């Protein structure tokens with residue numbers, strides 16, 4: 001039976017959605033295609049109708065994760081006051097909900113250690129994702145008058161990712177919450193964004 005291109009795209013999107021969850025939680029090397037297909041309501045045999053290989057799926061999933069992350073960051077860019085935009089982004093990124101949402105949050109804290117061993121298109125997509133998110137942060141920093149915003153955007157992204165990664169390593173609790181709050185407080189002070 002032949003399916004319409006719309007149905008094929010919907011099915012592919014379902015597989016991709018399940019793959020992003022699996023890759024975020026298990027990493028790009030340790031997830032099983034069969035499990036992804038089952039959760040998408042499909043058989044393993046149907047995989048190759050949508051993706052050429054597991055590596056192709058990983059690359060597409062990483063791209064989709066960064067599309068989501070950039071989309072969230074863009075909502076803050078749309079806030080008229082750039083100072084409020086940065087405060088809002090820090091509050092979102094350094095929140096317990098983001099820390100605890102490994103299966104749906106930013107791919108950087110979830111995958112950075114795993115992707116170091118990845119080659120090919122998946123690695124390329126990850127590097128492009130880093131550059132894109134750092135660029136969005138640089139744009140926000142530029143709007144509040146930060147000099148050398150590109151370099152500052154790189155450093156800011158590293159601080160945000162590092163804080164969430166360490167908070168996840170600490171688990172839920174006081175020490176983890178303090179890691180997030182202390183980082184947020186320091187960043188607000190660094191960029192002069194404290195409440196006045």
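The values are calculated or read from the model by the stated rules, or taken from the named source; none is laboratory data. In this text the structure is predicted, and so the values were computed from the model without any measurement. We place every Cβ from the backbone using ideal geometry, glycine too, and count neighbours over all the protein chains shown.
Meeting the requirement of 2 or more residues that are at pLDDT 95 or above and under 16 Å from the mean Cα position of the chain (by Cα), the helices (runs of 4 or more DSSP H) wholly within the stretch 110-196 are 121-143, 149-170. Filtering 41, 45 for residues that are modelled with pLDDT under 90, part of a helix (DSSP H, G or I), surrounded by fewer than 16 Cβ atoms within 10 Å (Cβ to Cβ) and over 14 Å from the mean Cα position of the chain (by Cα) leaves a single hit, 45. Against the conditions (1) more than 21 Å from residue 195 (Cβ to Cβ); (2) at pLDDT 90 or above, residue 102 satisfies every one except (2).
Considering (1) touching a helix residue (DSSP H, G or I) at 6+ places or on another chain (Cβ under 8 Å); (2) in contact (Cβ under 8 Å) with a residue 60 or more places away in the chain, the lone condition that residue 156 does not fulfil carries the number (2).
Would you confirm whether any residue within the stretch 90-100 is more than 26 Å from residue 181 (Cβ to Cβ) and in a helix (DSSP H, G or I)? Among the residues of the stretch 90-100, not one is more than 26 Å from residue 181 (Cβ to Cβ) and in a helix (DSSP H, G or I), which makes the answer no. Which of the following residues is under 15 Å from the mean Cα position of the chain (by Cα), modelled with pLDDT under 90, surrounded by 15 or more Cβ atoms within 10 Å (Cβ to Cβ) and part of a helix (DSSP H, G or I): 73, 61, 19? Residue meeting the stated conditions: 73.
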